[in-house]
Every structure is written in structure tokens, then in C-alpha cells.
1. Can residue 44 be described as hydrophobic (A, V, I, L, M, F, W, C) and under 12 Å from residue 13 (Cβ atoms)?
2. Are there any pairs, at least 6 apart or on different chains, whose C-beta atoms fall under 8 Å, with the first in the stretch 116-133 and in contact (Cβ under 8 Å) with a residue 12 or more places away in the chain and the second outside any helix (DSSP H, G or I) and of a type in the set (Asp, Glu), and if so, which?
3. Within the stretch 77-90, identify whether any single residue is aromatic (Phe, Trp, Tyr) and modelled with pLDDT of 95 or more, and answer yes or no.
4. Do we have any residue at all in the stretch 23-43 that's in a helix (DSSP H, G or I), touching a residue at least 40 places away in the same chain (Cβ under 8 Å) and buried (at least 24 other Cβ atoms within 10 Å of the Cβ)?
5. Name every residue in the stretch 9-22 that is touching a strand residue (DSSP E or B) at 6+ places or on another chain (Cβ under 7 Å) and not in a loop (DSSP other than H, G, I, E, B), in order of residue number.
6. Kindly indicate whether residue 120 is part of a helix (DSSP H, G or I) and either touching a Lys or Arg at 6+ places or on another chain (Cβ under 9 Å) or surrounded by 16 or more Cβ atoms within 10 Å (Cβ to Cβ) (or both).
7. Output the number of the condition that residue 68 fails; it satisfies all remaining conditions of (1) surrounded by 18 or more Cβ atoms within 10 Å (Cβ to Cβ); (2) hydroxyl-bearing (Ser, Thr, Tyr); (3) outside any strand (DSSP E or B).
8. Can you tell me which of (1) within 14 Å of residue 8 (Cβ to Cβ); (2) touching a helix residue (DSSP H, G or I) at 6+ places or on another chain (Cβ under 8 Å); (3) polar (S, T, N, Q) is the one residue 93 doesn't meet?
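The values are calculated or read from the model by the stated rules, or taken from the named source; none is laboratory data. Model, not experiment: these values are computed from the prediction. Reconstructed Cβ throughout: ideal geometry from the backbone, glycine too, with neighbour counts over all protein chains shown.
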Amino acid sequence: MKTTVAFVCVHNSCRSQMAEGWAKKLGSDILEVYSAGTENYPEVKPLAVEVMEEAGVDMSGHKPKLLSDIPAELDILITMGCNVECPFVPNKQREDWGLDDPSGGPIEDFRETSKLIEEKVKELILRVKNGEW
């Protein structure tokens, strides 16, 4: 059985989408991956899609989702550092990654954020495989 993980942010338009993309690419064998936001947003940030494409992760079909669009119970809930109190989503483990939002900045900021998220997702996968979660 796979471990369910959701990455949550305010708009589900950048960091949480990148995390979903990396987790699906790197951990689809052990993770059932979701992402969501606490507020509606019209699209995934084009620069986020572009830098993930550069890294070999296709997010072209991704759309922002709300918490109501993901499972009601999760094994792991990861917030991205939005300084937002998310509505309670039942989970076994919760962690905040404290990542700055690159939105509004240059593409280099998006690339840096993507690399940070990739490393954090790799660490998460290792922890799940090692039974730490």
C-alpha cells in the first residue's frame, strides 16, 4: 500500500505543484501524491511549468486544486511555508517546508525553488522507505 502525501499551499499554483510533480516523478512506486490550495487560483504559474519542464517533469496538464479535491485523510501533510493555517486535514504526520514563494521573481528564483523542492522530496522518499514516517 502506498503512503498518501499532499503538498498544500495557498493557491496551489507554484511550490505545491512543483512538489507534486517531483514526488510523482521520483516516488510513484511508494507515494500516492496530491497537492492543493486553500484559495482558488486560475492557473499554475507559467514559470513553474517552464522550469519543471527544463528538469524533465511535465506539469503542462496541472490545474490548481482545493483541499476539497484531495482525500479527506492523509498519511503525510506537507505545507510549503505559506504562513497560513490550513483547515484541519486528518493526517498521521505534518511538516512545514518553509519555502519562499518565487512568484513575481525572475526565472532563476523558480529554478532555485524547484531544486530545493527536489532535494526535500528525495529526503521525504528516503524517510518513507526507511519507515521513519
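1. Against the criterion (hydrophobic (A, V, I, L, M, F, W, C) and under 12 Å from residue 13 (Cβ atoms)), residue 44 qualifies.
2. 133/75
3. Applying the first criterion (aromatic (Phe, Trp, Tyr)) to the stretch 77-90 yields 88.
Next, from what is left, pick out any that are modelled with pLDDT of 95 or more: none.
No: zero hits.
4. Yes, some residue in the stretch 23-43 is in a helix (DSSP H, G or I), touching a residue at least 40 places away in the same chain (Cβ under 8 Å) and buried (at least 24 other Cβ atoms within 10 Å of the Cβ).
5. 9, 15, 16, 17, 19, 20 - these are the residues of the stretch 9-22 that are touching a strand residue (DSSP E or B) at 6+ places or on another chain (Cβ under 7 Å) and not in a loop (DSSP other than H, G, I, E, B).
6. yes
7. Residue 68 satisfies every listed condition except (1).
8. Of the numbered conditions (1) within 14 Å of residue 8 (Cβ to Cβ); (2) touching a helix residue (DSSP H, G or I) at 6+ places or on another chain (Cβ under 8 Å); (3) polar (S, T, N, Q), the odd one out for residue 93 is (2).
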